Amino acid sequence: MSKEREGSSLGIKTVVVPAAGMGTRFLPATKTVPKELLPVVDTPGIELIAEEAASVGATRLAVITAPKKQEVMRHFDEFPELVETLSARGKDEQVAKVVRASQLIHPVSIEQKKPLGLGQAVGLAEGVLDEDEDFFAVMLPDDIVLPATAMEKMANVRAECGGSVLCAFEVPREQTYNYGVFDVEDSENPDVKKVVGMVEKPDPEDAPSNLVATGRYLLDRKIFDALRRIKPGKGGELQLTDAIELLIQEGEPVHVVVHEGKRHDLGNPGGYIPANVDFGLRDPKYGPALYQSIKKILSEYEAEQGIQQ
Ligand code: G1P
């Protein structure tokens, strides 16, 4: 794949990746290593996102970074000396791993000076879009959504219904306080729902449903205007959810595609570890031995804890 490639038939050119968070749930690792560079098996989360973005035909990755997190962008450099050393030693497989990120997509960095919320972060991307980009994607690097075809389905809904299209995932009601939650109406297609309201991290008893936003968005360009008009919301931050809710109230079409596949949350160790196990088990090199190790660890743990099978 080349970075010069034109956008695909899905029409997605730019993928915005908010990566300015402090990664507090990963301290102490994140004192020096940005959360987005922590690996799933051997590949940093930011490269998995770049790969997903490229797979839907996007050509530009607009990474929102914090002033002290520029290492995230360094991951897309070409590392010629390392490539030369590895090539001289005949390590072609490793060379391919080094150059891969730099060949996937064209990365652009946008600095978010202060952590004022996801809404503010996404708003900063307006300046990098081309004039003819009526919509763009947002992929939150904490969320791994599998299979990556979710975005394709969303683009098809956007082509049919216009407006903005998000990815929804069903969670137990008691977990809704962690997410943006949708109020929906059925459409003709059982996988697609019309969104009539959206609320950020409500108390479970106030949640309009148990369909929540997982980190994939196709947003109409009108979102930038809405982002300029919202006030700080949950946590005192400018919330993307509140700008989407504003668009809905103003009659703009917003739909969700209900994701039936898998989702991993790389944003905290409790989700990051299972993601590594899942990807690791499917890795041809590490999978078979990992499977045996995990079975052993589990049976030792069960014996220790007196868990009956
Ligand atoms: C963000 C969004 C939330 C969404 C979630 C998905 O929250 O604000 O609406 O449901 O991502 O992962 P965060 O997890 O950054 O607190």
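The values are calculated or read from the model by the stated rules, or taken from the named source; none is laboratory data. It should be emphasised that the depicted structure is a prediction, and the values quoted were computed from it without experimental measurement. Here the Cβ positions follow ideal geometry from the backbone for every residue, glycine too, while neighbour counts run over all protein chains shown. Each accessible area value is taken on the protein alone, full model and side chains, heavy atoms only, with ligands, DNA and RNA left out. Shrake-Rupley method; radii C 1.70, N 1.55, O 1.52, S 1.80 Å.
For the reader, a short list of remarks on this structure follows.
- Residue that is nearest to Arg229 (Cα to Cα) [pool: residues in the range 134-162 that are more than 16 Å from the ligand (Cβ to nearest atom) and open to solvent by less than 10 Å² (accessible area, probe 1.4 Å)]: Phe136
- All strands (runs of 3 or more DSSP E) inside the range 166-248 with 3 or more residues being open to solvent by 50 Å² or more (accessible area, probe 1.4 Å), of a type outside the set (Lys, Arg) and out of contact with any His (no Cβ under 7 Å at 6 or more places or on another chain): 180-186
- Helices (runs of 4 or more DSSP H) contained entirely in the range 1-97, each with at least 1 residues that are under 22 Å from Leu124 (Cα atoms) and among the acidic types (Asp, Glu): 45-55, 71-74
- Residue ID - surrounded by the fewest Cβ atoms within 10 Å (Cβ to Cβ), chosen from residues in the range 1-19 that are among the aliphatic types (A, V, I, L, M) and at pLDDT 95 or above: Ile12
- For the range 249-282, filtered to residues that are of a type in the set (Gly, Ala, Ser), under 26 Å from Val199 (Cα atoms) and in a helix (DSSP H, G or I), the residue that is farthest from the ligand (Cβ to nearest atom) is Gly270.
Let's see how each residue does on (1) in contact (Cβ under 8 Å) with a residue 60 or more places away in the chain; (2) in contact with a helix residue (DSSP H, G or I) (Cβ under 6 Å, 6 or more places away or on another chain):
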site: Arg89; (1), (2): no, no
site: Ala101; (1), (2): no, yes
site: Lys114; (1), (2): no, no
site: Ala121; (1), (2): yes, no
site: Ala125; (1), (2): yes, no
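- Residue among Val41, Val83, Val33 that is touching a Gly at 6+ places or on another chain (Cβ under 6 Å) and surrounded by fewer than 19 Cβ atoms within 10 Å (Cβ to Cβ): Val41
- The residue list Val199, Val192 contains one member that is within 23 Å of the chain's Cα centre (by Cα), closer than 21 Å to Ala155 by Cα and of a type in the set (A, V, I, L, M), which is Val192.
- Complete set of residues in the range 191-246 that are farther than 19 Å from Gln175 by Cα, charged (D, E, K, R) and within 13 Å of the ligand (Cβ to nearest atom): Glu237, Asp242, Glu245
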